[in-house]
Each structure stands twice: as C-alpha cells, then as structure tokens.
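The values are calculated or read from the model by the stated rules, or taken from the named source; none is laboratory data. Keep in mind the model is a prediction, meaning the values are calculated, not measured. For neighbour counting, all protein chains shown are included, and Cβ atoms are generated from backbone atoms with ideal geometry for every residue, glycine included. The accessibility values were calculated without ligands, DNA or RNA, using every heavy atom of the protein model including side chains. Shrake-Rupley method; radii C 1.70, N 1.55, O 1.52, S 1.80 Å.
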Amino acid sequence: MTVSIIVNGDEVAFDRRPSVEDVVARALADVDGASGGRGIAVAVNSDVVPRSSWATTPVDTGDRVEILAATQGG
Amino acid sequence: MNATPDAVNGAHAAGDPLVIAGRTFSSRLIMGTGGAPSLAGLEAALVASGTELTTVALRRVHTGTEGSVWDLLERNGIRALPNTAGCFTASEAVLTAKLGREACETDWVKLEVVADDVSLLPDPIELVSAARTLVDDGFTVLPYTNDDPILARKLADVGCAAIMPLGAPIGTGLGVLNPRNIAAIVAESEVPVVLDAGIGTASDAAQAMELGCDAVLLATAVTRAADPVRMARAMRHAVIAGREAFHAGRIPRREEALASSPTDGRANLDLAM
C-alpha cells in the first residue's frame with residue numbers, strides 16, 4: 001500500500017511510511033548544491049521538525065511536508 | 001588604493017564597533033542577497049562590501065538550484081541572518097522564523113511582516129505581535145519597521161535587539177524620505193538603529209549614518225547596480241564616511257555666507273581704476 005505525502009505542494013509516493021529523513025533524502029536527491037541537508041529546515045503540517053528528530057519522526061499519508069532552504073533574499 | 005576590506009573596516013571600527021545583542025561587528029554595513037543574477041556575482045559583491053552579516057530568505061528547495069548561498073556565506077565568514085520575507089501575518093512570520101532558526105542554526109531573525117505585496121510596507125499590528133512572541137521564544141529579533149518613532153518604541157519595549165526602520169519602500173532606491181523621523185528614532189532608541197530598505201546610492205547610506213543610525217542594511221542598491229562590486233565598495237566607504245561625519249559633528253546650517261579666509265590683512269588690489 002503506497003503512502004502519499006505532499007512534499008512542497010507535490011504528491012510523492014513511498015512504499016511504506018517514511019521518516020522525515022527519508023522524505024528529505026528523496027527531495028534533495030535532485031537538488032544541486034544542497035550541501036547534504038545543511039541550510040535546510042523542515043515543517044510537517046506547519047510544525048517545525050528539528051534536524052535531530054528527522055530520523056525518528058514518521059510521516060503518514062496526507063501529511064504536508066515543507067522542505068525549505070536558505071536562499072537569496074532580503 | 002591597496003587597503004584590504006579588513007583594514008578599511010578596522011580603521012573605522014577601532015573603538016567604535018557595532019554591537020547588536022552582545023555580538024560585535026567591525027562593519028556597519030549589513031547586506032541582503034536578493035536580486036543578484038548569479039551567486040558568483042553576489043559573492044564578489046559581498047566580499048567587496050566588507051559585510052559580516054547578511055540576510056537570507058527561506059524558500060522551498062527545488063531542482064536546478066545553482067549552488068548554495070549558505071555555502072557562500074560560510075566560506076567567507078559572513079553570518080547568515082534569516083528573514084521572514086513574504087509573510088503577511090504574525091503566525092506565518094513566527095513559523096518562518098523557527099524554520100530559519102533551524103536552517104541557519106541561529107536564533108537571530110530579521111522580522112518582516114508586510115501588509116500587502118504591492119506597498120511591501122510593514123503591518124505594525126502583526127509586526128509587534130510577532131516580535132513579542134519571538135522574543136519570548138528566545139529569538140534575537142531585528143524587525144524591519146516603518147519610519148515611525150512610536151512603533152520603534154513599541155518594538156524596543158517588547159525586547160527587540162535592534163530597530164530597522166525603512167528609509168523608503170523596499171526596492172525603490174528613493175533614499176531616506178523622512179530624515180526627521182529617522183533622527184527621532186535614533187534619539188530615543190536604546191538599541192541599535194539600522195536603516196533598512198530604500199537605499200539607492202552611496203550618498204543615501206552616508207546620510208543614514210550621519211543621522212546617527214548604527215548601521216545600514218541594503219541589497220538591491222548593490223545587486224542590481226550596473227557594477228555591483230563597485231557599488232558594494234562605494235557603500236562600504238559611504239557607511240564609514242557617514243559614521244565618521246556623525247561623530248565629527250557637523251557645522252550648523254547658516255542662512256548667510258561666512259568667509260573662511262581671514263578678512264584682516266587683505267592686499268589693496270583695486271586694479272579697476
């Protein structure tokens with residue numbers, strides 16, 4: 001049974017319930033210069049998940065995951 | 001001239017550093033990173049500016065990103081100051097600030113809560129509300145605010161570490177539109193005052209410093225200049241010149257001319273006859 005997560009507004013399918021770390025790894029795989037997750041922050045359903053909890057925080061179908069990076073601005 | 005940025009900043013900073021929330025900076029120029037067409041160009045401009053503190057925004061990661069602004073700041077020893085640009089409510093800004101704290105490993109935040117995306121003017125009600133919440137959560141809050149002395153007072157009252165009034169609306173390059181209000185904010189403030197937004201060219205930055213501001217924050221005046229590196233250098237010197245002039249004490253303005261050469265002992269050179 002696939003688990004469908006909303007990652008930065010797009011639906012992403014996983015074979016089983018992923019952790020935040022799994023979701024981040026998948027999302028950053030295609031990003032150049034992502035610095036191995038440095039300069040990155042994650043919110044699940046509008047709650048910030050600290051980096052230290054990424055591996056142990058499960059994500060389930062329908063959860064909204066926002067993965068943000070420090071970028072040019074201001 | 002051959003002076004390095006450090007030497008230029010240092011000559012100015014000796015005995016007169018910028019101190020925000022107990023942290024000392026030798027440069028009084030805070031830079032933004034928005035508007036630069038390339039990361040390489042941005043890096044050259046930031047280095048030329050001599051800045052030690054530079055804002056970044058938080059945005060969704062996406063494919064095709066050209067390198068990382070995070071890496072750029074780190075290898076140049078520039079502290080990242082995450083902002084909450086794009087937030088319209090206190091709750092959005094508070095969540096964005098928390099994400100910035102996580103991403104940039106700092107509890108400093110440039111707090112922006114704007115009323116709409118046309119004027120980009122701060123929403124004073126939401127701004128004070130967000131500032132109070134973030135200060136209570138342990139953040140070092142640097143709010144982008146209107147050039148309103150009373151609003152500045154309210155922000156200081158809730159514990160902001162600096163006050164950052166606009167000179168003119170973001171991106172306009174119109175300079176310091178209300179110098180009397182900026183001077184009034186400076187006169188009352190017990191925390192550093194950073195002129196944020198509206199700078200167009202070097203004389204605007206110098207004017208802000210002459211008015212007594214502790215620092216200037218600018219981005220597009222440099223990143224969208226025809227020659228960003230040269231404008232960055234101009235801004236670095238302008239901020240130093242303005243600070244020096246502020247400390248030096250300007251002469252009073254006079255309605256009538258006052259000769260600077262002695263009036264006694266002039267030769268009789270009436271050659272008209």
**Fill in**
To the nearest 0.05, the calculated FRET efficiency linking A:SER46 and A:ASP15 through their beta-carbon distance, R0 being 22 Å, is 0.25
**Fill in**
In nanometres, the difference between 0.36 nm per residue of separation and the alpha-carbon distance of B:THR263 and B:ALA40 is 74.5 nm
**Asked** FRET efficiency for B:ALA115 and B:ASP270, Cβ-Cβ distance as r, R0 = 56 Å, nearest 0.05?
**Response** 0.25
**Request:** Mind ranking A:2-15, B:194-207, B:113-126, B:220-233 by how tightly packed they are, going by the mean number of other C-beta atoms within 10 angstrom, highest first?
**Result:** B:194-207, B:220-233, B:113-126, A:2-15
**Request:** Only Cα pairs under 8 Å and at least 6 apart count here; give the relative contact order of the stretch B:18-77 as a rounded whole percent.
**Result:** 34
**Asked** Can you give the helix-only mean residue ellipticity at 222 nm for chain B, where every DSSP H stretch with n ≥ 4 adds -39500 (n - 2.57) and the sum goes over all residues, rounded to the nearest 500 deg cm²/dmol?
**Response** -12000 deg cm²/dmol
**Request:** Enter the accessible area per residue of chain B (Å², integer; probe 1.4 Å; all protein chains in place).
**Result:** 47
**Asked** For B:ARG23 and B:ASP227 in the same chain, what is the full-extension length gain: residue separation times 0.36 nm, less their Cα-Cα distance, in nm?
**Response** 70.3 nm
**Length-normalised contact order for the stretch B:108-261 - Cα pairs under 8 Å, 6+ apart - percent** = 16
**Complete:** On the formula 1/(1 + (r/R0)^6), with r taken between the Cβ atoms of B:SER91 and B:VAL47 and R0 of 51 Å, the FRET efficiency rounded to 0.05 is 0.85
**Message:** Using a 10 Å cut-off around each Cβ of peptide B:211-223, what is the average number of partner chain Cβ atoms that fall inside?
**Reply:** 0
**Asked** Computed on alpha carbon atoms, what radius of gyration and Dmax characterise the stretch A:3-69, expressed in Å?
**Response** 10.8, 29
**Message:** Amide H of B:TRP108 versus every other amide H placed in the peptide plane: which residues, excluding those fewer than 5 positions away on the same chain, fall under 5 Å?
**Reply:** B:THR140
**Request:** Calculate what fraction, in whole %, of the accessible area of the stretch A:3-69 sits on carbon and sulfur atoms when a 1.4 Å probe is rolled over the protein chains.
**Result:** 46
**Item:** Peptide B:82-89 - average C-beta neighbours from other chains (10 Å radius)
**Value:** 2
**Request:** Using only protein heavy atoms and a 1.4 angstrom probe, determine the accessible area buried between A and B, summed over both sides, in Å² to the nearest 100.
**Result:** 2500
**Request:** Per residue of A:5-12, count partner chain C-beta atoms within 10 Å of its C-beta, then hand back the mean as an integer.
**Result:** 1
**Request:** Write down the radius of gyration of the stretch B:48-156 and its Dmax, each obtained from C-alpha positions, in Å.
**Result:** 14.4, 45
**Request:** May I ask you to derive the relative contact order of chain A, considering only C-alpha pairs under 8 Å and at least 6 residues apart, and to give it as an integer percent?
**Result:** 41
